[in-house]
Amino acid sequence: MPEYGSASIASDQAGDGPSAGAAQPYVQCRDLFKIFKPADLEVVALRGVDLDIETGELMAIVGASGSGKSTLLNILAGLESPSAGQVRVGHRDLLDIAEGELVSYRRLEVGFVWQATARNLVPYLSVTDNVELPMAIAGMGRKERRDRVRELLAALQLEDKARRMPSQLSGGEQQRVAIGVALANRPPLLLADEPTGELDTQMAADVFGLLGEINRAYRVTIVIVTHYPGVAQYVDRVVHIRDGRISSESFLQSTFQRSGASVEEEYLVVDQAGRLQLPQEYLAELRLDGLAIASVAGGQITLKPARRRPQRRPEG
């Protein structure tokens with residue numbers, strides 16, 4: 001254990017930590033910034049985000065309100081333009097994309113589920129017509145549209161609700177229909193912004209379970225922004241964002257103590273520039289504020305608070 005007043009980080013020379021993955025990520029963000037400029041103010045929502053998402057991964061992004069998680073999701077959806085950095089989704093460079101290509105990307109290559117069901121569904125269209133609408137806009141033939149609707153409603157366990165209007169469905173059923181709408185054109189990427197924010201605990205668990213089934217059945221890459229406390233049990237990885245930067249990632253690991261037992265392990269993220277964010281409780285415990293002293297020995301990095309601030313160079 002590190003001595004009181006210092007933080008010690010061991011290098012994982014045995015290779016037992018999370019794998020970096022050799023394949024090209026489907027989503028890749030490098031030093032990503034987003035700056036909003038309302039009136040005379042400047043708000044930095046994202047501050048140099050580095051993030052890789054593998055093809056077929058099911059991932060959650062969590063963080064406090066205002067941390068930048070929804071802004072990141074909107075950039076991946078093509079709804080916001082990044083201010084600087086790099087962001088690639090598949091073969092698309094979202095920092096350098098023509099307007100026509102962006103329309104095609106949003107229509108065919110990414111599906112989006114909003115928290116508010118009113119944003120996901122057309123209230124005067126039936127379940128079938130809502131799911132069919134994106135395909136009609138994309139120019140898909142009627143028979144192909146109907147076959148796809150039947151396939152999706154079966155996967156979403158909504159076959160008996162095909163003729164109902166959104167107002168005749170429960171909140172959980174409405175979100176399942178919204179997932180069907182988002183998947184209608186077979187996008188390789190599905191984004192969901194707080195999809196369970198307006199649902200009770202049981203309905204939320206059902207929606208997360210369904211997203212897992214969709215991920216396994218269709219191998220679609222899924223990214224979920226959520227505040228749901230138990231989301232780690234439904235996803236491959238949880239990314240924590242704080243103050244516009246990725247601070248840590250957590251994974252559900254087996255404890256091997258009894259059958260089915262698991263624990264969520266959290267890892268600090270060191271970005272491409274070598275930066276990391278220490279948890280607030282570490283800063284408070286070590287009284288780190290401003291300057292610190294770092295040293296490397298025995299495969300560990302030790303971080304200690306500076307006991308006193310260095311004096312300025314004497315004049316003359």
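The values are calculated or read from the model by the stated rules, or taken from the named source; none is laboratory data. Everything quoted here is computed from the prediction, not taken from an experiment. When we count neighbours, we look across all protein chains shown, and the Cβ atoms used for this are built from the backbone with ideal geometry, even at glycine.
Annotations for the structure displayed:
- Top-ranked residue of segment 159-177 - restricted to ones that are of a type outside the set (Asp, Glu) and closer than 12 Å to Leu210 by Cα, ranked as modelled with the lowest pLDDT: Gly172
- Scanning segment 73-105 for residues that are among the hydrophobic types (A, V, I, L, M, F, W, C) and within 25 Å of Gly244 (Cα to Cα) yields Leu73, Ile75, Leu76, Ala77, Leu79, Ala84, Val87, Val89, Leu94, Leu95, Ile97, Leu102.
- Residue count for segment 74-103 under the criterion of being in a strand (DSSP E or B) and touching a residue at least 24 places away in the same chain (Cβ under 8 Å): the result is 6.
- Checking each residue in segment 36-66 for being among the hydrophobic types (A, V, I, L, M, F, W, C) and over 13 Å from Arg245 (Cα atoms) picks out Phe36, Ala39, Leu41, Val43, Ile53, Leu58, Met59, Ala60.
- All positions within segment 144-183 that are assigned to a loop (DSSP other than H, G, I, E, B) and closer than 12 Å to Asn120 by Cβ: Leu169
- Among the criteria (1) touching an Asp or Glu at 6+ places or on another chain (Cβ under 6 Å); (2) more than 27 Å from Glu151 (Cβ to Cβ), the one Glu57 does not fulfil is (2).
- Positions within segment 113-161 being crowded, with 17+ Cβ neighbours inside 10 Å, more than 18 Å from Arg186 (Cα to Cα) and hydroxyl-bearing (Ser, Thr, Tyr), in sequence order: Thr117, Ser126
- If only residues of segment 75-128 that are in contact with a Phe, Trp or Tyr (Cβ under 9 Å, 6 or more places away or on another chain) and of a type in the set (S, T, N, Q) are counted, the one that is farthest from Gly139 (Cα to Cα) is Ser83.
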